[in-house]
Amino acid sequence: MRRMAFIVMIMAYSIDFVGCNTNEVLPPKMTDFVVISDIYARLANVKYMTRVVNEAKEGRETMFQVQFPKEAFISAFKMTIGNEVIYGVVKGKEEAAEVYYKARAEGKSAGQVTQFPTAPERDMDIYVINVNVAPESSTEFVLSYIEPLEMKLGQFNHKLYIEPGQEVSNMSARISVSDPQGIASFSYKLPGSNEELRSSDDSKYSVYQASMNTRQVMYQPPKSEQMKLECKTEIKCQISITYEIQRQTKSGIVIVNNNYFVHYFSPTNLQEMAKNIVFVIDISGSMSGSKIEAVRRVMIVILEKLRPNDNFNLLLFDDKIKMWKTTAVAATEDNIREAKAFARKELFARGSTNINGALIEGINKLTNRQNSESDMYKGNIIVFLTDGMPTSGVTTTSRIRANVRRKNEGRANIYALGFGKGVNMEFLKALAWENDGFAKKIYVANDASEQLEFFYKEIECPLLKNLKMTYRPVASIHGLSETVFPTYRKGSEIVVVGQIDGNEQSLSGSIEGIGNVGVVKYVIKPTTRPYAPEKNFAEHLWAYKTIKLYLKVMTITENITVHDYFKEKARKLSIKYQFVTPLTSMVVTTEVRMNDIPSRRTNLIADDASFRNREGMFNDFRNINIQDDRHVRKRGNIQGQGVKKRSGNVHIQARSAYGGNTGSCLWRGIVYHLTTVSALHFLYRLIQRQD
């Protein structure tokens, strides 16, 4: 078998795709561009698959790019060159770099996949694959990632970028959604359009299918339509879906799956809590122009949405502080009218930035108002908006965080908005997280006001506060994610994951919190093990959320020992589950062995039936003989023979229809004897089924 040369380099770029120079020799032609997303219970498993063909008699370089959300983790990469299959394996960043540079120094083909912080689209990462395709040959790529979907304003949104960069003979995108709670509503948008579609009749290039618990959209434009798509700023080259689920039970739903569980909690019919809210707004000189204008516009809209039983105040700051009122006041018609006049008059940029003084004063004005028993049942919120770094008063971010934490003592949820490019989002994330809120980046664009308004809709309606989730039997449950939540907001969802001992067949528990009239309690009823089409669904989500929790602790803590401890835990878990995270990279080299990749992750790199004929991969074998002390299998030309052995080893011999020597492979104590890489694909799925 002729060995084909290749070079692969996968990395993220912060620049847009650059087209080919027309004076150069034409690059390889892309013949297939297939995107598949399977969503089960809010967890999306996405695959981007492409095939490029080089018809020239010389090697040619091509580039393939993929965009996906920053919150996603790359979970697998595979490249097929002729009959050879190359896999990516995740290692710690330092180890990955060492393997990569060592292979390159030895003249071996190698590449890296690393997560980078910037991307051309909002909240997106972009990865580029540069490959040298051998003469008169083809190359196939499969890049996979997982993305848990977050409920916002009662809905889930999911989008896939469709950017092949050229006309493609076989171009398609498929999104399948399945949810054990049922789907209440569903709509989708196709590339180049802002129109919401709800049936196949709305577009001749898409097929829409629906049942009680599932929805599926298939988009397959012909060549004649592909290049008509205009990927403008407002209308991206993306297919997106929006859906709502049926929420029948107040305590939510618990899915127990292979000794892991996921609890989704999003109760309905709760009365909204009144709130005490203070807006702390940066009016320093850097906020001038479109930024301060956007804030001024949206503040008028937000003030009109306050309810009569809310209390509110405005605090504007540069190097000085300007208060609207000495304390928070009721949202009466007169007060709202007066506050709008104040915003129109005073929301103009000037001066430097005293973040510390503004936040301390904002907490004072909020907590001074909490002087009645009724305030115990109100949400307490500080909305903090800035576009830069502290330049006046206390300027050390660690001191500002300590001062705010000490002053607040958990009494208010602080939500931080970072406006534009100059803001320190890591500082704002830590500040918000340790004060029971979250941080959000606001992009300087024509829709800045809409971004701010959407954010306010997310936080404007607290329903419960001081929630505590308890699960039983206590002795059988471990590895829990966060179970105490300062606030549950309307339109959001709380997700808890954990591990449960294998001999337990059900899980129960309780939820307790404070609502608008007092203590609220829910009973988590015993839950059986519902069917999950992806056998490791709950485990993958548990690993994802646990890594995210460790990364969050790293951002918040200022203790080096604690930071390094959770960094190592996050790194090890990322490697175990083969996720590309801020602490890991993926090495792509011919030296990667099959036993370098954990067996339980193999389902993420198996070929999809719509992209490649699974059975056709094994047609070049006359027979494969299996000795297995656990199973007897017969499948097509696959012959199995059960042999009782204590070792538990599986011995496999394969002989190609075209001859060739038998090779061998060791996998977790299992010895494989085989002739070509194609057999390994079969063995991957065999081990997956048997484990």
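What follows is calculated from the coordinates using simple rules that are stated; it is not laboratory data. Since the structure is predicted, the reported quantities are computational estimates derived from the model, not experimental observations. Every residue, glycine as well, gets a Cβ built from its backbone with ideal geometry; the counts of neighbours run over all protein chains shown.
What is the sum of charges, Lys and Arg at +1 and Asp and Glu at -1, for the other residues whose Cβ falls under 12 Å from the Cβ of Val519? That sum, taken over residues with Cβ under 12 Å, equals +2.
Model label sites at Lys525 and Thr557, defined 7 Å from Cα along the beta-carbon direction, differ in position by 4.1 nm. Backbone amide hydrogens, once placed in the peptide plane, bring Thr31 within less than 5 Å of Arg51, Val52, Val53, excluding anything fewer than 5 places away on its chain. Could you work out the local net charge near Arg406, counting Lys and Arg as +1, Asp and Glu as -1, over the other residues with Cβ closer than 13 Å to its Cβ? Local charge sum for Arg406: +3.
Taking all Cα pairs closer than 8 Å and separated by 6 or more residues, the relative contact order of the stretch 259-412 comes to 31 percent. If you plug the beta carbon distance of Ser199 and Ala402 into 1/(1 + (r/R0)^6) with R0 = 56 Å, you get a FRET efficiency near 0.50.
Along the stretch 136-142 the Karplus relation, 6.51 cos²θ - 1.76 cosθ + 1.60 evaluated at θ = phi - 60°, assigns HN-Hα couplings of 6, 8, 10, 9, 10, 10, 9 Hz to successive residues, with x for each Gly and Pro. With a Förster radius of 56 Å applied to the C-beta separation of Ala341 and Leu480, the computed FRET efficiency comes to 0.65. Length gained on full extension, Thr470 to Glu568, computed as 0.36 nm times the residue gap minus the Cα-Cα distance: 32.5 nm. Note that the stretch 449-462 has calculated 3J(HN,Hα) couplings of 4, 5, 4, 5, 5, 4, 4, 4, 4, 5, 10, 6, 10, x Hz, one per residue in order, obtained from phi through the Karplus relation 6.51 cos²θ - 1.76 cosθ + 1.60 (θ = phi - 60°); glycine and proline are x. Between Gln166 and Arg411, the simple spin-label model (points 7 angstrom out along Cα→Cβ) gives 6.4 nm. Near the amide H of Asn380, within less than 5 Å, lie the amide hydrogens of Asn276, Asn413, all on another chain or at least 5 residues away, with H placed in the peptide plane.
The stretch 352-417 and the stretch 138-193 have Cα centres separated by 39 Å. Approximating the spin labels as points 7 Å out from Cα along Cα→Cβ, the Leu153-to-Ser506 distance works out to 4.0 nm.
A dipole drawn for the stretch 276-446 from +1 and -1 charges on Cβ atoms has a positive end, and of Ser392, Ile281, Ala330 the residue lying farthest that way is Ser392.
Amide H contacts of Leu463: Met273, Tyr488, Arg489, Lys490, each under 5 Å away and 5 or more positions distant or on a separate chain (H built 1.01 Å from N in the peptide plane; Pro and chain starts excluded). Shape annotation for the stretch 240-303: C-alpha extents along the principal axes are 56, 30, 23 Å, from largest to smallest. The string of couplings for the stretch 338-350 from the Karplus curve (6.51, -1.76, 1.60, θ = phi - 60°) is 5, 5, 5, 5, 4, 5, 4, 7, 9, 7, 9, 6, 5 Hz, one whole number per residue in order, with x for Gly and Pro.
A Förster radius of 45 Å, combined with the Cβ-Cβ distance separating Asp375 from Ser290, puts the computed FRET efficiency at roughly 0.75.
Step through the table entries Lys441/Lys552; Lys91/Lys552; Lys378/Lys457; Lys93/Lys291; Lys78/Lys102; Lys521/Lys569, compare each Cα-Cα distance with 26 Å, and write down the pairs that go over it. The pairs that break the limit, which is 26 Å between Cα atoms, are Lys93/Lys291; Lys521/Lys569.
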